[in-house]
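> Sending over a structure as C-alpha cells; questions will come in a sec.
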Amino acid sequence: HDAVESLASEVGGRTDVTVTTNLDFGEQSVSCKIGENVYRILQEGLMNVIKHGETQQASVTITIEDDQLRMILEDQGVGFDPRERDGSRLGILGMQERTELLGGSFTVSSRLGAGTRIDVHIPLQNDKQ
C-alpha cells in the first residue's frame, strides 16, 4: 500500500501526470514475491503512460477479493493499436511475463485516441509462489 502510494506521488512530483489510487487490500496479506512483482508491473505501466500516453491523468486500482489480487492501470491518453507488436512494446511483454510467472492473467486494451487499460489478476495462493 505505502509503496504504491509513494510511487504515485513520485510520478506526480517529477512529471505532469497525476496518478490517482484506489487501494483495498482488505485483511489479506500479499507475499513479498507478489508484492515486488506487482510494484514492478505498475512501475513499468506508469513509465509507459509518461512516455507514450500523452495524458496528464492515470489511475491505479488494486483490490484483493476471493484470494486474487487485481490491478487496473488506466489512462485516457492517445492509446495505440495493441495488434502492432514492435520493439516499443517490450515493456508490455515484460509486464505480461511477470504476471504469468505468478500464475496470473494479463490483459491490455487500448484504442487510438481512447487511452489504455492494463488489467492484472494474480492468485494469492498458488504453487508458483
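> Given a 1.4 angstrom probe, what's the average accessible area per residue across the chain, in square angstrom?
On the way: 7320 Å² over 129 residues.
Accessible surface, normalised per residue, equals 57 Å².
> Can I ask one more? Carbon and sulfur atoms: what percent of the 1.4 Å accessible area of the chain do they account for? Intermediate results must be reported in sequence, preceding the final value.
Numbers: 3250 of 7320 Å².
Whole-percent figure for carbon plus sulfur exposure: 44.
> Any idea what the dipole of the chain comes to, in debye rounded to 20, about its Cα centre with Lys/Arg Cβ at +1 and Asp/Glu Cβ at -1? The partial results should precede the final answer.
Values: 12 positive and 21 negative charges, 87 e Å.
Around 420 debye, computed over the chain.
> Hey, if you put +1 on the Cβ of every Lys and Arg and -1 on every Asp and Glu Cβ in the chain, which of S109, I64, V30 ends up farthest toward the positive end of that dipole?
The one lying farthest along the dipole's positive direction is S109.
> For H121 paired with M47, estimate the spin-label separation in nm (one decimal), with each label point 7 Å from Cα along the Cα-to-Cβ line.
Computed distance between label sites H121 and M47 equals 2.8 nm.
> Specify which labelled value, from [x] 14.2, 52; [y] 14.2, 41; [z] 14.5, 47, agrees with Rg and Dmax of the Cα atoms in Å derived from the coordinates of the model shown.
[y]
> Of the DSSP beta bridges with both residues in the chain, give the percent that are antiparallel, rounding to the nearest 5.
Numbers: 22 of 29 bridges.
The answer is about 75 percent antiparallel.
> Let me ask something else. So what's the back-of-envelope 222 nm ellipticity for the chain, counting only DSSP H runs of four-plus at -39500 (n - 2.57) apiece and dividing by all residues, rounded to 500?
On the way: 3 runs with 42 residues, N = 129.
It comes out at -10500 deg cm²/dmol, rounded to the nearest 500.
> Taking 0.36 nm per residue of separation and subtracting the Cα-Cα distance, what length does fully extending I72 through E5 add? Please list the in-between numbers first.
Working: separation 67, 0.36 × 67 = 24.12 nm, distance 1.46 nm.
Additional length available on full extension: 22.7 nm.
The values are calculated or read from the model by the stated rules, or taken from the named source; none is laboratory data. Not measured: the values here are computed from a predicted model. Cβ: placed from backbone, ideal geometry, glycine included. Neighbour counts: every protein chain shown. Ligands, DNA and RNA are stripped out before the accessible areas are found, and what is left, the full protein with its side chains, is counted by its heavy atoms. Shrake-Rupley method; radii C 1.70, N 1.55, O 1.52, S 1.80 Å.
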